[in-house]
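Notes follow once the structure below has been shown.
The values are calculated or read from the model by the stated rules, or taken from the named source; none is laboratory data. Since the structure is predicted, the reported quantities are computational estimates derived from the model, not experimental observations. Ideal geometry is used to build each Cβ from the backbone, glycine not excepted, and the neighbour counts take in all protein chains shown.
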Amino acid sequence: MPKDKSIKRVLIIGSGPIAIGQAAEFDYAGTQACRALKSEGIYTILVNSNPATIMTDKEMASRVYLEPLTPEVLKNIIRKEKPDSILPTLGGQTGLNLACELAESGFLEEAGVRLLGTTVESIKKSEDRELFKQTMEEIGEPCIDSVIAHNVEDAVNFADEKGYPVIVRPAYTLGGTGGGIADDETSLKTICKTGLQASRVHQCLIEKCVSGWKEIEYEVMRDQNGNVITICNMENLDPVGIHTGDSIVLAPSQTLRDEEYQMLRSAALNIISALKICGGCNVQFALDTKSMKYAVIEVNPRVSRSSALASKATGYPIAKVAALIAIGYNLDEIVNGVTGKTYACFEPTLDYVVCKFPRWPFDKFTEANRTLGTRMKATGEVMSIGANFEAALLKAVRSLELNHYSLDSAKFNKMTKDKLYAQLTVKDDERLFCVCAALRKGISVDAISEITTIDKWFLVKLKGIVELEEKIKREKKACLNKEFFRKIKRKGFSDRAIADWCGVSESEIRALREGMGILPAYKMVDTCGAEFEAVSPYYYSTYEQENEAAATGKRSIVVLGSGPIRIGQGVEFDYCSVQCIKAIKAAGYEAIIVNNNPETVSTDFDVSDKLYFEPLTPEDVVNVLELEKPEGVVVQFGGQTAIKLAKSVSDAGYKILGTTVESINDAEDREEFDKLLEKLHILRPKGKTVYTREQALDAAHELGYPVLVRPSYVLGGQGMEIAYTDTEIREYMDIINVNIQDHPVLVDQYIAGKELEVDAVCDGKDVLIPGIMEHIERTGVHSGDSISRYPSSFLGKTVDNIIDITKKLALGTKTVGLINIQFILKGEDIYIIEVNPRSSRTVPYISKVTGIPMVGLATRCCLGEKLENMGYGTGLYKKSDYYAVKVPVFSNDKIPELEISLSPEMKSTGEVLGIAPTVGEAILKGLYASGINMSKGGIFISVSNKSKQEALPLAKDLFDLGYKLYATSGTAAALRESGIVAEEVGKLHECDDIERMIKSGSVKLIVNTPTKGRNTRRDGFRIRRLAVESGVTVFTSLDTVSAFVEALKVGKKDSELTPVALQDIGY
Amino acid sequence: MAYLYLIDGTVFEGESFGYAADAMGEVVFNTGMTGYQELLTDPSYAGQIVTMTYPLIGNYGINSFDDESDGPKVRGFVVRDYCEYPSNWRSEETLDKYLKDHKIAGIQGIDTRALTKKLRSIGTMNGIICQNYPTPEQIKAVQNYRIENPVEQVTASKSYEIIGGAKRVAVIDYGLKRNIVDSLVKCGLTVRVFPASVTAETVLDYNPDGIMLTNGPGDPKDNVFEIAQLKKLIGKKPIFGICLGHQLLALAKGGNTVKMPYGHRGSNQPVKDLESGRIYITSQNHGYCVDADSLKGVGRLSHVNWNDRTCEGMEYDDGRTFSVQFHPEASPGPKDTSFLFEKFAKML
């Protein structure tokens, strides 16, 4: 059937803030869908609360709403915009759940709105465990022995009958939240309880554990005519037992015979046919390693993280095709954009190997529990493409930016054989390196396979890599004859690792290699294994014979992307990269991107003129430059990842566009920067540069406690802490120095005050400041974790001073392009705490609310244009009529044992925006959007002694607003003295009052300011964890509470909020 | 060091694996990512050197269940990255040993994508795998190489029967893949396989309820005798043709076949059933195709390849004769069209 002409106005629901289990892949999917529908002439209405996304750019849809994703808000938008249909399957689980809720409540029918693509019945059949099992039984597809548990007893009975271990999977949750593997009754009871709480329908699947079976996934598609195809199959290196989002994944499968491949393929197609899916779908199987037995683990009736991966792995645009299917097209009517000649109705074939490697946050959350299981912990992932498994794996490993340039790990090499045997039983983020160390120590493939259940195919390949590594370590440069050198380059070895083993510099190895004529050859990703001529400008490197990529001869510019999503570097930098590409293209250049994140828009092959899917390391990037010979390279939009590469790019003789490497370094170099500030008469907190513990202690004594301690050249305040005592200094310095630091550690005076932030564009002469942001939380809370409002509440002289300092700094640092500055306001004094001559986290947000395309302007500045000719003026841009409040969103529930209180170290994974005509309503919207529980109920207050006075008026406000207060004795007494009634509860270590209140839901909110210092926080820490894992909101800063109160005073429910489209904001 | 020489003068350097001997053949590529054992033993590849576009080959070894005939039929095998240590519960030996035992030459470590692009742009070419740089004599021999009477080489030496059910099918073996027979037996049919040299009379003497024409190698037009027999069989019994069987049927009906530039070989070929409008993903292996226009008046085009719109299936006007270019028996490849065997069984 061709396009359904009755579809004219479509509402697209986004997936909201980035959280563990729901990352940038839905920005990619949603953006593709918006583009596809727009090009079909459909009026599109987009709703997403996440301002860092590309999909929420004004040009992406006819109407863009940065609004809370709640059913009530959506109803208002539907009433206002009157769409005829909703596309629910591209906004992840969030979008799907919302659409189902709207449909089930009868609202959609009433409003005459239909769901496009897969029907609610089909969605329910695949999402509801009971219905799903029933459907699978009907079509004869085997499921794992399981039972649906509505209470803990059901679960225990099942396990008693079928035997342990069992897996607990809560229904309707993201990334397996609340699930886990239970080995005995005690652990089953615990896991099941949290699982039931995590599930929207209070339902868990308890299933017999098939841990150790192969985990195989199929990405499949179906259209309304019943045509079914497979896009890609994937095999997890980590067998069943580790969440697929936390597994190393290969595409296509490596150890399956055709018989097995086709058996599972047929099963997947049977399943989507039976479920009548229209669009994309992901099916996960467990396959026995010793027979043809298999079982269906899970079906996702929507585009997912895996479909983003499958799209990038094959070149097949799943989300775009799914969107076109939703509006009526069949697969045989949609052209394959890669070949331009064939159709979307075929199955991609790969002539390379793809490896996905998860990116976990444990480099920042050093104290968190790193073990992996059914609950996903990764914040992002990298993908790599190689001509063989070894190359794909090694490229992926070095793309992680964790300083791994090989599989060699000093940490595990130090372990004895016995220790390694024991360590092999641990499933955590470092397992691959542990396995390689075990192979290095001579532990056999059989033994390792027995312990880890990893297929021997992978282990033998790893052994091969390890043996080559050892040979180089042993023989050093002597072994690097042309034949051997080519061999190891083909297997993906990095120059950097070879150099380290040979004890020479990387540039020496590079020169030696180039001298031998061993150069990379780039191959095209074309969906068809070269069967047809392709037009996709999508490449990866190999050391094969024929090179398919060549400079086109047009003037070109290379943009370096931002790599995997991690804490402190999220989708916002992909937004910036994509905007930069657009601006470069508009200026008439060819835009070339290098990036390795499969979840992003920037790695969609039709966004740039050319895409190199490569690790972002000096070697891999310079290789691309040597081939493309661009006029310049842009590093300022790809976060710290790209900035870190600036020196290598410049050393290789390529021009960095915009702010130069010297200026970037000067801004990071303590001494240079202090000199500049002094010259400009700008204040900053006093500080010292140190390397050792002793130096740090001396510095702290000289500056006076409290002090801020942090490594330089880091993201998101990584490793940053406030120290109040010598003990703390010692503790932090030891943590920082666990990894060898190339750069010094900074010790700064801590100044308590108000934080302000500015993003500005500078052309070298003039400066344009779109607006000034103000952080709600006081200094000491990382800017990424603070609630931030625009415009700031300050006027007059303060604003003038901010403008003045911004101009001075932008010009003083010789910034060309973007600059981000953070200020502390204390009394009349303005201190500088951070200057980053690059794009920042807040650029997308401030661009959207002010209407200034900051990245576009900054890119034009980099290309030599002047601000005065761009039409937005210079100096501070006029204030918007609207307030915009950014609220951070955390994934604390996903990482057990993580300290959640706000600190200088960033912990949030995403953000949302509230836009409204008053600041109170903007905060309220932001809070709703962030998922904070806004319903009235009980509040438990427990604050440190020094915060008690400050807490009293807030407690009174909350009491007056109708909250019931609970407090421990000290706080309760203080409240009573001020005439506020609070029910007294026992301390956590004395009784179970608090635990009971949290679990029973009588407490909806906890205000808990931690007593400073790590050793005294035990009770508080446990309360906070308990609350987070039970879905209770915790505020650890009174400033946040104050904002919360301000929002509550607005007195509006989410149904009473007025939606604001970006198109309606007058700039 | 070993070489793959193509008649356009291209030389690829690689390493020998399998049987270390020189082997000449028509070089073709297959885009399937799995199924090398089924493919090696598919008799339709007789006389050909096959290269796989997927780079890692040998991963799951060789077993005694996945053969489609009594041994490998290819002349040579070209892969990017041969896997020495296979892993699969069914694996019994390595691909290398299997090729050695059956005296099939292999070459690995060459840029198979570059090779595929070459074949795609120039068309299928003759080539030779050789252990030393090819001699002028060898080059000349490769240029003149032609697959001669391949059907004769791969057809059954004598007829045999597999008892399934009451209804009987005569299978004319032009180089059959085992799964064709298995699929028929699975439909509850008794199968009698005849060598390609069988006469129409012998087939009719068996008094089958239907006739199955199998796949097979080479240029369909070379099979003059077989085509003559088919002319006598058409209309007498329900007939189902696959691949070469489909082409021979077309020729027997007075139609024409043409050589394709580089054929269809893989497991991802979309075929549209023109009656239902449904697209099926099929397994294919052919270098010639039927010119549907040449059959106007005697049959109708039932299936087309959705990539290049070539003929993938015919239904003839007697209502009892139909054929497909693709392989419903799969092995390797998707089993989405296995219902065609049931369709055939129902006609009997």
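General remarks:
- Test for B:ILE227: is it modelled with pLDDT of 95 or more and in contact with a strand residue (DSSP E or B) (Cβ under 7 Å, 6 or more places away or on another chain): no
- Single residue of the range A:851-895 satisfying the filter (part of a loop (DSSP other than H, G, I, E, B) and under 18 Å from the mean Cα position of the chain (by Cα)) that is surrounded by the most Cβ atoms within 10 Å (Cβ to Cβ): A:SER891
- A:THR374 fulfils the conditions (1) surrounded by 24 or more Cβ atoms within 10 Å (Cβ to Cβ); (2) in a helix (DSSP H, G or I) except for a single criterion, (2).
- Subset of the range B:35-87 [at positive phi and facing another protein chain (nearest Cβ under 8 Å)]: B:GLY35
- Qualifying residue in the range B:135-155 (condition: of a type outside the set (Val, Ile, Thr), within 14 Å of another protein chain (Cβ to nearest Cβ), within 29 Å of B:VAL258 (Cβ to Cβ) and within 24 Å of the chain's Cα centre (by Cα)): no
- Single condition A:ILE722 does not satisfy, out of (1) at pLDDT below 90; (2) closer than 30 Å to A:LEU657 by Cα; (3) among the hydrophobic types (A, V, I, L, M, F, W, C): (2)
- Condition check for B:VAL271: surrounded by fewer than 21 Cβ atoms within 10 Å (Cβ to Cβ), on the phi < 0 side of the Ramachandran plot and not in a loop (DSSP other than H, G, I, E, B): no
- Every condition in (1) of a type outside the set (S, T, N, Q); (2) without any contact (Cβ under 8 Å) to a residue 40 or more places away in the chain; (3) under 20 Å from A:ARG257 (Cα atoms) holds for B:ASP96 except the one numbered (2).
- Strands (runs of 3 or more DSSP E) fully within the range B:1-52 counting 2 or more residues that are among the β-branched types (Val, Ile, Thr): B:23-30, B:48-52
- Identity of the residue in the range A:244-265, among the acidic types (Asp, Glu) and buried (at least 24 other Cβ atoms within 10 Å of the Cβ), that ends up nearest to the other protein chains (Cβ to nearest Cβ): A:ASP258
- Residue match in the range A:226-242 (condition: farther than 30 Å from A:ILE325 by Cβ, hydrophobic (A, V, I, L, M, F, W, C) and assigned by TED's automatic domain parsing to the domain that holds A:ASN157): no
- The lone criterion from (1) within 29 Å of B:LEU119 (Cβ to Cβ); (2) assigned to a loop (DSSP other than H, G, I, E, B) left unmet by B:SER283 is number (2).
- Scanning the range A:276-305 for residues being more than 14 Å from chain B (Cβ to nearest Cβ) and acidic (Asp, Glu) gives a total of 1.
- Boolean, A:LEU462 is within 14 Å of chain B (Cβ to nearest Cβ), modelled with pLDDT of 95 or more and either surrounded by 20 or more Cβ atoms within 10 Å (Cβ to Cβ) or not in a helix (DSSP H, G or I) (or both): yes
Here is a yes/no grid of residues against (1) out of contact with any Phe, Trp or Tyr (no Cβ under 8 Å at 6 or more places or on another chain); (2) over 20 Å from A:VAL1032 (Cα atoms); (3) assigned to a helix (DSSP H, G or I):
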{"residue": "A:MET934", "(1), (2), (3)": "no, no, no"}
{"residue": "A:PHE940", "(1), (2), (3)": "no, no, no"}
{"residue": "A:LYS948", "(1), (2), (3)": "yes, yes, yes"}
{"residue": "A:LEU952", "(1), (2), (3)": "yes, yes, yes"}
{"residue": "A:PHE959", "(1), (2), (3)": "yes, no, yes"}
{"residue": "A:LEU965", "(1), (2), (3)": "no, no, no"}
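- Scope the range B:7-26; condition more than 14 Å from chain A (Cβ to nearest Cβ) and among the hydrophobic types (A, V, I, L, M, F, W, C); matching residues: B:ILE7, B:PHE17, B:ALA20, B:ALA21, B:ALA23, B:MET24
- B:ILE7 vs. criteria of a type in the set (A, V, I, L, M, F, W, C) and either buried (at least 24 other Cβ atoms within 10 Å of the Cβ) or farther than 22 Å from A:GLN545 by Cβ (or both): no
- For the criterion of being in the same structural domain as A:MET997 (by TED's automatic domain parsing), surrounded by fewer than 18 Cβ atoms within 10 Å (Cβ to Cβ) and among the hydrophobic types (A, V, I, L, M, F, W, C), A:LEU961 passes.
- Residue count for the range A:805-825, restricted to those that are in contact with a Phe, Trp or Tyr (Cβ under 8 Å, 6 or more places away or on another chain) and either among the aliphatic types (A, V, I, L, M) or assigned to a loop (DSSP other than H, G, I, E, B) (or both): 4.
- Checked against the criteria, A:THR798 counts as in a helix (DSSP H, G or I) and at pLDDT below 95.
- Residue in the range A:544-554 that is surrounded by fewer than 19 Cβ atoms within 10 Å (Cβ to Cβ), in a loop (DSSP other than H, G, I, E, B) and assigned by TED's automatic domain parsing to the domain that holds A:GLU467 present: no
- Of the set (1) farther than 27 Å from A:GLU777 by Cα; (2) touching a residue at least 12 places away in the same chain (Cβ under 8 Å); (3) not small (Gly, Ala, Ser), all apply to A:THR968 but (1).
- Restricting the search to strands (runs of 3 or more DSSP E) fully inside the range B:163-244 and requiring at least 3 residues that are over 16 Å from B:VAL324 (Cβ atoms) gives B:168-173, B:190-195.
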